[in-house]
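As structure tokens, the structure follows; a few thoughts come after it.
Read-outs throughout are calculated quantities, based only on the coordinates presented, and are distinct from any laboratory measurement. Just so it is clear, the structure is predicted and the values come from calculations on it, not from any experiment. Backbone-built Cβ (ideal geometry, glycine too); neighbour counts: all protein chains shown.
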Amino acid sequence: MPFPSFSRRGFLQTGAALAGSAALPRLAHAQSGMTVGFIYVGPKDDFGYNQAHAEGAAAVKAMAGVTVVEEENVAETIDVQKSMESMINFDGASLIFPTSFGYFDPHVLTVAPKYPEVRFEHAAGLWSEGMPPNIGSYFGYIGMGQYLNGIAAGNATKTKKIGFVAAKPIPQVLLNINSFLLGARAVDPTITCQVIFTGEWSLAVKEAEATNALADAGCDVITCHVDGPKVVMETAAGRDCFICGYHANQSALAPEKYLTGAEWNWAGVYTGFVQTMLDGGTIGNFVRGGLSDGFIKMSPLGPAVSDASRAQFEAVKAEIMLGGYAAIKGPLKDNTGAEIAAAGQSFLETDIALESMGYLVEGVIGSTS
Amino acid sequence: MTDQSAPATALVATGSDWRAPLARRAEGIVLPLAAMLAGFAVFSLFLLVQGKSPVTFFGLVYQAGFGSAFSVQNTLSRTAPLLFAALCVALPARLGLVVIGGEGAIVLGGVAAGALGVVLAGQSGALALPLMALTAALIGGLWIGAVGALRYYRGVNETIASLLMAYIAIALMNHLVEGPLRDPASLNKPSTAPLPDALRVGDMPGWDVHWGLPVGILGCIFAWALIDRTTWGFAARIAGGNVRAAEVQGLPVGRLILGFTGLGGAFAGLAGFFEVAAVHGSANASLASGYGYTGILIAFLARHNPLAIIPVAILLAGFEASSGLIQRRMDLPDATTLVLQGFVFIAILLSDTLYGRFRLFAPERWRSA
Amino acid sequence: MNDLGLWVIPLAILGGAIRVSTPFLFVSLGEVLTERSGRINLGLEGTLVFGAMAGYAVAYLTGSPWLGVLAAAAAGSVFGLVHGLICSLPRVNDIAIGIAMMILGTGLAFYFGKPYVQPVAPDLPSISFGAWSDVPQVQAALKVNVLFLIGAVAAVALWWMFRATKVGLIIRVVGDSTDAARAMGLRPAMVRTLATTAGGAFAGVGGAYLSLFYPGSWNEGISSGQGLMAVALVIFARWNPLACFGAALLFGGAGALGPTLQSVGISQGYYLFYAAPYVLTLGVLIATSSTKRAMTGAPGELSITK
């Protein structure tokens, strides 16, 4: 005999089941609908990575016949394995979004084979042949967003030096740093980008210190790739630097200083996935999308963006929307002098090779280890 | 236990003094249990004040922590690292030392096991696994043993030294797994190279719980035997009561301190080994997930009795196992478990003041006149 | 903007020292007060975190950062009072209670802090002492928060209190010998409880600085162990409030080292640079501890130095 649960949801289910058994089988079917679980590695209102996913979850919650269950601050340990299983066993979740990269290997890979009827949609993972077929990995070409951030930054910088507060030197972060600088260099090829790694995804004091160090080093436009950009944005604006957002829209934190931002647009993606499953379709195991697919979006340009900057920004954005854009293109060297791309060679935004990037391009001050 | 009623007095009067030693032991069980219940009561008030139902809360704890086969296995699979971490606190505590930096030994033990596993790839598990476990234990033992050495030879406070060393250990671990020991193929989650299947610790047959649990339980039994049944343990208890008196009596206080801190650290190192070999499959930043700190709580709740650590660790693991369901069903934040732990911890420590206050537990009361 | 080359390093360390040191300063002053009375409160980390949350929440709700600071001080004194009262009971271990209060304080802060992760609260004001310079980095480094100045004044005031006032003398006597204090007709438990309460208020203010000025927002990762490090710092400072001020500056500066070295191109092994404050504390502890003699300045009744 399972322990009685007094939650509202449980009550609704019981009520629906009773109603269903009495006279309304169709209603019961609709009510029993689908339960979707979301798991976040941090707080879901962090102005950043987790908030972006939680906004997607909120959109799913609004769909008819769908119940959403969420858990925050779930560690990348046995914790997440058991959270996923708990959502399946107690809430009947049939689709789970474990949203942190570190959940993938080994945790999602361990749990998925035990529950072949449940779908696991993991952000940023690299699903490949031979992995359980009920896992999907999806991600967006957010590097293009950072490239557009770079265009705005390149137009705004007076010192010709822009800054990047980064968590760890991993491919996703390196791609963002490189894209940010290359965007700025599309405006002025003499611009350099200083990067400072904090070593942690969320560590407020270090992020603030890194931002100050960037400002001290003369950077006057700053962006970041940490889980919650709030501290970086506020500190940079306090040092009179322009800011470019990341993950979510941070313009509310310093509207006068906010140029634009590279945002995830998970609402469209997640409702799309859920609708596919409701319709009985299948989601691809390896899904990627960019600006034109609605996977990412740009924050509205701020008041500090000049007309010339705006024109260039919109032009490049329109080009990216056509698809097949390449930010990483030859001739290009990394910042140790090794060649990345010969003249004429280019890596399209869709190129899977970009997801194992291990270099910083020429003009980035910093090192990858 | 029994109340102070007439029949009991009658028994004493008839000269049966077998209850005398029992009374002292009963005190050590009844008081902590009562204190724990008092902690639960205070926490229940805390919930009631906010209009949340304690009945629902503890119901969900039962349901998600102990109420089904899945729940029990969820709880038990979280127990192993807690047992080891608690031993790392309980053993030095016998000497009156408060070591709170077991986390450091866990992460370094894990890194050592992961790195050695890479070297030993291709060897049989029967050879490699014990070697990895021993190395992890050795590194952990040296790390916490150093805390003991600093205490004995330099008079450095062990509580603060162990904590500082935990921060240093985590920095070292991050440096190693992102630098010299990083597997280049570990893209977005820097890790050591994955252990081959032969070098993985699996689950117990028929259980979704890995072998760390029985090893941890054996460790607790071993530690109990050492403390309760050997002259070493006896000497340690004397030294814990009064170091100077122990030295006057010619007890090897230095060796006792090094031995007990070293052994505690070795257990913590084993926690790291099992995290790497049974859960993660490689060493990475997720090794620092706070088990060392939960271990402090468990050791104090168990009054540093290694046998009592086993049920207390299972209870705490049960609370952690139910944390997710409580988040989802009661809309309480994940920190609720932390608040509960805080109340219970304080209640247990408060009960220290009650020892010897109740005549019920006084051996003299039960001794024949 | 000027390119200062390697001059950026000392400048950033100075700036970092001023920015980062304030929480260390307040917590260590609070701990000095507590430890001088003969108790140790390891729970100040939890008090700091709760103070950060309470200060942020009240500042957001009332629109006044100073009310936030007051709220943080009040909350901190409640935590201190609880610690002090519990430790007044016989056979209760003050170190263990501290660890428990740390868990409870952090837990309550996270529990009640959820709704305040997102909102933006008003910051505490700061005073610019760098207007004489036309170098923006100097101006930025010398933008000093009012709480830092209050902390500096408090350090001097506490130093004077211990040296020259009756209250200071009472605390010192109680801290050095319970028996002597009793003989003088003092009530050691009450003095210690009051000292711990005041110490908690200091730690709460340290937390308010974190959330209301630097880094200036509330989240669960706001403290990276400052409350605990400050306890170690007190031993380093030999229970002298003035030395606490110096030690806090040193630790703030050490914390700025990692990011600054990266900004001048020394980027390898940054984790190890980030560990600098911890290594420094440990090194100082090892260098200044001794088994032979009681530490100079150590209160005789203090459990950690006995």
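Each part reduced to its alpha carbon centroid, the stretch C:1-78 and the stretch B:102-165 end up 34 Å apart. Legend: mean number of C-beta atoms from other chains within 10 angstrom of residue C-beta atoms, peptide B:318-326, equals 5. Here's how it looks for A:Ile328: its modeled amide H is under 5 Å from those of A:Phe347, which are all 5 or more places away or on a different chain. Here the stretch A:205-220 is scanned for amide nitrogen atoms under 20 Å from the site 7 Å beyond the Cα of C:Ser128 along Cα-to-Cβ, giving A:212-220. Here the stretch B:179-201 is scanned for amide nitrogen atoms under 20 Å from the site 7 Å beyond the Cα of A:Thr336 along Cα-to-Cβ, giving B:179-193.
The string of couplings for the stretch A:330-347 from the Karplus curve (6.51, -1.76, 1.60, θ = phi - 60°) is x, x, 8, 10, 8, 7, 9, x, 6, 7, 9, 9, 6, 4, x, 8, 8, 10 Hz, one whole number per residue in order, with x for Gly and Pro. Summarising the amide proton neighbourhood of A:Tyr246: residues at separation of 5 or more, or on other chains, whose placed amide H is nearer than 5 Å comprise A:Ala262.
For chain B, modelled as a GNM whose springs connect Cα atoms under 10 angstrom apart, the maximal fluctuation among B:Leu95, B:Leu199, B:Leu45 occurs at B:Leu45. Peptides C:33-41, A:215-223 ranked from most to least packed, by the mean per-residue count of other Cβ atoms within 10 Å: C:33-41, A:215-223. Counts of other chain beta carbons within 10 angstrom of each beta carbon in peptide B:284-292 average 3.
Put simply, the C-alpha atoms of the stretch B:240-309 give a gyration tensor, and the ellipsoid matching it has half-axes of 32, 15, 9 Å, longest first.
Quick check on chain C: take the gyration tensor over C-alpha atoms, sort the square-rooted eigenvalues as a ≥ b ≥ c, and tell me if it's rounded (a/c under 1.5), prolate or oblate.
Working: a/c = 1.83, a/b = 1.43, b/c = 1.29.
Prolate, because a/c is 1.5 or more and a/b exceeds b/c.
You can think of it this way: the chain between B:Arg359 and B:Val55 has 106.0 nm of extra reach, that is 0.36 nm per residue less the Cα-Cα gap.
Summarising the overall dimensions of the stretch B:84-181 from its C-alpha atoms, the Rg and Dmax are 14.6, 46 angstrom.
Just check the stretch C:1-71 against the gyration tensor rule for me: Cα atoms, a ≥ b ≥ c as the square roots of the eigenvalues, rounded for a/c under 1.5, and otherwise prolate or oblate depending on whether a/b exceeds b/c. In terms of gyration-tensor shape, oblate. Among A:Glu117, A:Glu76, A:Glu129, the largest mean-square fluctuation in a Gaussian network model of chain A (Cα springs under 10 Å) belongs to A:Glu129.
Amide H contacts of A:Cys193 (H built 1.01 Å from N, in plane; Pro and chain starts excluded): A:Ile162, A:Val364, A:Ile365 sit under 5 Å, all sequence-distant by 5 or more or on other chains. All other residues whose Cβ lies under 14 angstrom from that of B:Trp18 are scored, Lys and Arg at +1 and Asp and Glu at -1, for a net of +4. For the stretch C:1-124, the gyration tensor built on C-alpha atoms gives an oblate shape. Its axis ratio a/c (a ≥ b ≥ c) is at least 1.5, and a/b is not larger than b/c.
For peptide C:107-118, the mean count of partner chain Cβ atoms within 10 Å of a residue's Cβ comes to 6.
Largest GNM mean-square fluctuation among A:Ala52, A:Ala166, A:Ala308, using chain A with Cα springs under 10 Å: A:Ala308. Residue pairs exceeding 18 angstrom between C-alpha atoms, taken from A:Lys168/B:Lys189; A:Lys168/A:Lys297; A:Lys61/C:Lys114; A:Lys230/C:Lys114; A:Lys168/A:Lys206; A:Lys297/A:Lys317: A:Lys168/A:Lys297; A:Lys61/C:Lys114.
The stretch C:149-173 and the stretch C:176-238 have Cα centres spaced 14 Å apart. When the alpha-carbon atoms of the protein assembly as shown are used, the pair Rg, Dmax equals 29.3, 103 angstrom. Each pair of Cα atoms in the stretch C:72-150 enters the Kirkwood radius, and Stokes-Einstein at 20 °C and 1.002 mPa s then converts it into a translational diffusion coefficient of 131 µm²/s. Put a dot 7 Å past the Cα of B:Val248, heading toward its Cβ, do the same for B:Ser68, and the two dots end up 6.2 nm apart. Between B:Arg25 and B:Arg154, the C-beta separation translates, for a Förster distance of 45 Å, into a calculated FRET efficiency of about 0.75.
Highest mean packing comes first when the peptides B:314-322, C:15-23, B:73-81 are listed by Cβ atoms within 10 Å, giving C:15-23, B:73-81, B:314-322.
What is the diffusion coefficient of the stretch A:104-241 in µm²/s, taking the Kirkwood radius over Cα pairs and the Stokes-Einstein relation at 25 °C with a viscosity of 0.890 mPa s? Stokes-Einstein gives a translational diffusion coefficient of 150 µm²/s. Descending by average beta-carbon neighbour count within 10 Å, the peptides B:46-55, B:169-178 line up as B:169-178, B:46-55, the highest first.
Just so you know, the Rg over Rh for chain B is 1.02, from Cα atoms, with Rh as the Kirkwood radius.
In order along the stretch C:83-95, the phi-based Karplus estimate (6.51 cos²θ - 1.76 cosθ + 1.60, θ = phi - 60°) of 3J(HN,Hα) comes to 4, x, 5, 4, 6, 6, 6, x, 6, 8, 7, 5, 5 Hz; Gly and Pro are listed as x. First measure r as the distance between the Cβ atoms of B:Ser124 and C:Arg187, then evaluate 1/(1 + (r/R0)^6) with R0 = 51 Å and state the FRET efficiency to the nearest 0.05. The pair B:Ser124/C:Arg187 has a calculated efficiency of 0.15. Its Cα gyration tensor gives the stretch A:56-137 an equivalent ellipsoid; the semi-axes, largest first and in whole Å, are 19, 14, 13. Quotient of the Cα radius of gyration of chain A and 2.2 N^0.38 Å, N being its number of residues: 1.06. Each residue of the stretch C:30-44 is assigned a 3J(HN,Hα), and the resulting list reads x, 5, 4, 4, 5, 6, 4, 8, x, 10, 10, 10, 6, x, 5 Hz, derived from the Karplus form 6.51 cos²θ - 1.76 cosθ + 1.60 (θ = phi - 60°), x at Gly and Pro. Local charge for C:Val27 was computed over the other residues whose Cβ lies under 14 Å away, with Lys and Arg +1 and Asp and Glu -1, and equals -3. Annotation note: chymotrypsin sites (Phe, Trp or Tyr not before Pro) in the stretch C:63-162 located in DSSP loop regions with a Cβ neighbour count of at most 12 within 10 Å are C:Trp132. Taking a straight Cα-Cα cut-off under 15 Å and skipping sequence neighbours fewer than 8 places away in the same chain, the aspartates and glutamates within cross-link reach of B:Lys52 are B:Asp331, B:Asp334.
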